[in-house]
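Trainee: This is the structure I have questions about; it appears just below.
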Amino acid sequence: MRTHTCGEIRSSDIGKEVILAGWARLVRDHGGILFIDLADRYGTSQVVFDPECYESKDVQGRIQTSIETVGREYVLKVKGVVRKRVEGTEDARNPTGEVEVLIAEIEILNTAEVPPFELIDQKETLLANEDVRMEYRYLDLRRSKMIANLTIRNRIASVVRGYLWERDFLEIETPILVRSTPEGARDFLVPSRHNPGMFYALPQSPQLYKQLLMIGSADKYFQLARCFRDEDARADRQPEFTQIDLEMSFVDEEDIISLVEGMIVEIWRSIRGVEPKHPFRRMSYHEAMETYGTDAPDLRYDLPIIDVTDICRDSEYSIFQAIIKSGGKVRCINAKQIFSTDPNVPEDQGKFGRNWIDRLIDWTKDQGAKGLTWMKVIGNKVESNIVKYFGEKVQERLVNAMEGEQGDLLLFVADSPNRSSELAGRLREKLAQEMELIQPDRDEFVWIVDFPLFDIPTPGSRPQAMHHPFTSPEEQTVEYLGGDVSKLRSRGYDIVLNGVELGGGSIRIHRPEVQRKVLNILGVSEREAEEKFGFLLRALKYGAPPHGGIAIGFDRLVAVLLGIDTIKEVMSFPKNKKFQSLTDGSPSYVDEKQLKELQLLSLASPEKED
RNA sequence: GCCCCGGUAGUGUAGUGGCCUAUCAUCCGGGCCUGUCGAGCCCGGGACCCGGGUUCAAAUCCCGACCGGGGCGCCA
């Protein structure tokens, strides 16, 4: 039907007769001469109706008549000769901008209703809100940015596949209708018609299947796997999403880490054209939590969190005293050079004056902090409303510990050890935004390692798997399986980029007796273990090889690579906050007949009950 | 479950009690215009989410639905 796409024609095509097809994106009618930007996925070409260039009035009239009916987003087929644009009217921003096609024949392949919002890139300031865009997602996708996002997503997928295939990985599909297991997120359930009252779950990840594949000698498996989790959405969380899921046999942590690092470097090289610095940094979970207050630290800026509990113990500040006595910690961040050191500038002036501090205190309380204490550094002393409770020595020690200089602002959060760390971490992130410390063109990768095997929220409470129940404990700590389980460390690893957890994995348990013990510690009874995980425990008995792997959030990877903070922009048909698709109106009520077949009739839609 | 923000022409917005018969842009319709490319110019068209309340008076204040977004919890 066409000889070229709309993004293809160049100066080298001048003189050729071409046929283009696409959407009429922008019509510019000058009364005589008339231009149409014809657009498709590949680009935009200018086609021109130039009344002086036709042999007969007949031909000219015929073309003019059809062109006059063309509206926005009409689907056109245009035949004509490529010609050089008039000197000085080239469009350098467009790869096709040196040439245009003189319309010799035009056919309207389809008309179009006026679109409900603007599709032209330059009009993005009037871009419709997300709900309108989702209702007409097919139109939204026509915007060059959106189709470009999906194109890059495809290229990344292609790099991933190429990289892994080159290394002997097998892409293997695992079932979508799977067994519901009690761990982890809430499952989406699918009723079974043949087995009334029974349900499948949609997989939260192919975890157990890829382990079975290792036992089945697959050796190197991967899949761009669709995963489903029925937990509340966020900007970077959707009910269904895609993971680069992979698993290898006869490997240790270093094998997986170097494989994934190589893959990421190759993705960056082929999409961005630059290699990130590697090998990536490594950081223990402990250091991440202590210094950055999160297991996914953003290392594009510094702002370390420092534990000043011991110094504050010697103050008379009763708020700190009470928290320290009950086992809590005081953590401090130094906002470097935040206020003016000029004594002539009043303290309520400038962006970071008292008003700003007050708003920051409010924000911290909104985050669940009991409060926020601040001190300005003046010389080797500090200044604020509460310094009177801090003796001169204590002040000096604080300034030293925080490397305080004139113009610095010290911010203190006091709470339980975990809570104070988490709050300080959020404060650190907030400060970086407010102080504009984040360099957007920087990428800071880091592997977080040395996780505890279990999360024990408060001493004595039931341990929970930090990663998942199939993560192997570190050999040196295995002895604690029967004792102090808080001392167990895991063979897990997370890959973090700019404060975003891209993925995580581990070396798995391949010995059935270790798996049983871990399930036992998690409070899964022998009977329950047999019932829910029996198939895995049995499989482990039949010569399971040592194995491990990782899952990387594909949507997040694509988004972060494009510098976008919501994964909806890199998915074709995402769902909204309530998990509805405004595109197709799902979920929906279904016919009584369907419910009857599934023996779910009591759940019939309210509308149909009357 | 909870918190925050928002809902004004098709779209994006302005509008903190009377000056609103509601701003601007885009859009749509009509006209002019022979080198534009977010074309330009002129004329015209089109809206206060719903239900209560306060008030002499509500787009504006209050309460409650409903809808959308962000976050907390949750997400092994």
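Trainee: Examine segment A:201-221 for a residue that is touching a strand residue (DSSP E or B) at 6+ places or on another chain (Cβ under 6 Å), closer than 22 Å to A:Phe573 by Cβ and more than 15 Å from RNA strand B (Cβ to nearest atom), and state whether such a residue exists.
Mentor: Within segment A:201-221, none of the residues are touching a strand residue (DSSP E or B) at 6+ places or on another chain (Cβ under 6 Å), closer than 22 Å to A:Phe573 by Cβ and more than 15 Å from RNA strand B (Cβ to nearest atom).
Trainee: Another question about this same structure. Can you pull out the residues in segment A:4-60 that are more than 13 Å from RNA strand B (Cβ to nearest atom), free of Cβ contacts under 8 Å to residues at least 60 places away in the same chain, over 18 Å from A:Ser144 (Cβ atoms) and among the small types (Gly, Ala, Ser)?
Mentor: Result: A:Ser12, A:Ser56.
Trainee: I would also like to ask the following. In segment A:29-65, what residues are modelled with pLDDT of 95 or more and small (Gly, Ala, Ser)?
Mentor: Across segment A:29-65, the qualifying residues are A:Ala39, A:Gly43, A:Ser45.
Trainee: Report yes if A:Asp230 is assigned to a loop (DSSP other than H, G, I, E, B), surrounded by fewer than 18 Cβ atoms within 10 Å (Cβ to Cβ) and within 16 Å of RNA strand B (Cβ to nearest atom), otherwise no.
Mentor: Here the answer is yes, as A:Asp230 does meet what is asked.
Trainee: Among the numbered criteria (1) open to solvent by less than 70 Å² (accessible area, probe 1.4 Å); (2) at pLDDT below 95, which one does A:His4 miss?
Mentor: (2)
Trainee: Based on this model, can you work out whether A:Ile521 counts as in the same structural domain as A:Ile267 (by TED's automatic domain parsing), within 16 Å of RNA strand B (Cβ to nearest atom), open to solvent by less than 40 Å² (accessible area, probe 1.4 Å) and in contact with a Leu (Cβ under 9 Å, 6 or more places away or on another chain)? Reasoning before the result, please.
Mentor: On the way: in the same structural domain as A:Ile267 (by TED's automatic domain parsing): no; within 16 Å of RNA strand B (Cβ to nearest atom): yes; open to solvent by less than 40 Å² (accessible area, probe 1.4 Å): yes; in contact with a Leu (Cβ under 9 Å, 6 or more places away or on another chain): yes.
The answer is no for A:Ile521.
Trainee: Look at segment A:262-313 and say how many of its residues are open to solvent by less than 20 Å² (accessible area, probe 1.4 Å) and of a type in the set (D, E, K, R).
Mentor: 1
Trainee: Given the conditions (1) part of a helix (DSSP H, G or I); (2) within 26 Å of A:Ser270 (Cα to Cα), and given that A:Leu208 satisfies all but one, which numbered condition is not satisfied?
Mentor: (2)
Trainee: Something else: Pick from A:Met146, A:Met134: which is assigned by TED's automatic domain parsing to the domain that holds A:Ile567, within 9 Å of RNA strand B (Cβ to nearest atom) and in contact (Cβ under 8 Å) with a residue 60 or more places away in the chain?
Mentor: A:Met134
Trainee: Just checking, does segment A:34-49 include any residue being open to solvent by less than 60 Å² (accessible area, probe 1.4 Å) and assigned to a loop (DSSP other than H, G, I, E, B)? Before you say what the answer is, go through the steps one by one.
Mentor: Applying the first criterion (open to solvent by less than 60 Å² (accessible area, probe 1.4 Å)) to segment A:34-49 yields A:34-40, A:43-49.
Those still in the list that are assigned to a loop (DSSP other than H, G, I, E, B) too: none.
No: zero hits.
To keep it simple, each residue is scored yes or no on (1) modelled with pLDDT under 80; (2) within 23 Å of A:Ala322 (Cα to Cα); (3) not charged (D, E, K, R).
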{"position": "A:Lys336", "(1), (2), (3)": "no, no, no"}
{"position": "A:Ser340", "(1), (2), (3)": "yes, no, yes"}
{"position": "A:Asn344", "(1), (2), (3)": "yes, no, yes"}
{"position": "A:Gln349", "(1), (2), (3)": "yes, no, yes"}
{"position": "A:Arg354", "(1), (2), (3)": "yes, no, no"}
{"position": "A:Asp358", "(1), (2), (3)": "no, no, no"}
{"position": "A:Gly368", "(1), (2), (3)": "no, yes, yes"}
{"position": "A:Val377", "(1), (2), (3)": "no, no, yes"}
{"position": "A:Val382", "(1), (2), (3)": "no, yes, yes"}
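Trainee: Among the residues in segment A:2-17, are any assigned to a loop (DSSP other than H, G, I, E, B) and polar (S, T, N, Q)?
Mentor: Yes, the conditions are met somewhere in segment A:2-17.
Trainee: Restricting the search to segment A:76-95, which residues are open to solvent by less than 60 Å² (accessible area, probe 1.4 Å), more than 10 Å from RNA strand B (Cβ to nearest atom) and either aromatic (Phe, Trp, Tyr) or farther than 17 Å from A:Leu34 by Cα (or both)?
Mentor: none
Trainee: Turning to a different aspect of this structure: Please specify each residue of segment A:156-200 satisfying the condition of being within 12 Å of RNA strand B (Cβ to nearest atom) and part of a loop (DSSP other than H, G, I, E, B).
Mentor: Residues satisfying the conditions are A:Thr181, A:Pro182, A:Glu183, A:Gly184, A:Ala185, A:Arg186, A:Asp187.
Trainee: Can you pull out the residues in segment A:96-123 that are assigned to a loop (DSSP other than H, G, I, E, B) and either away from RNA strand B (no atom under 12 Å from the Cβ) or more than 23 Å from A:Arg142 (Cα to Cα) (or both)?
Mentor: Scanning segment A:96-123 gives a single hit, A:Glu98.
The values are calculated or read from the model by the stated rules, or taken from the named source; none is laboratory data. Quantities reported herein were computed from a predicted structural model and do not represent experimental measurements. Because the Cβ atoms are built from the backbone with ideal geometry, glycine has one as well, and the counts that use them run over all protein chains shown. Just the protein is used for accessible areas: all its heavy atoms, side chains included, with ligands, DNA and RNA removed. Shrake-Rupley method; radii C 1.70, N 1.55, O 1.52, S 1.80 Å.
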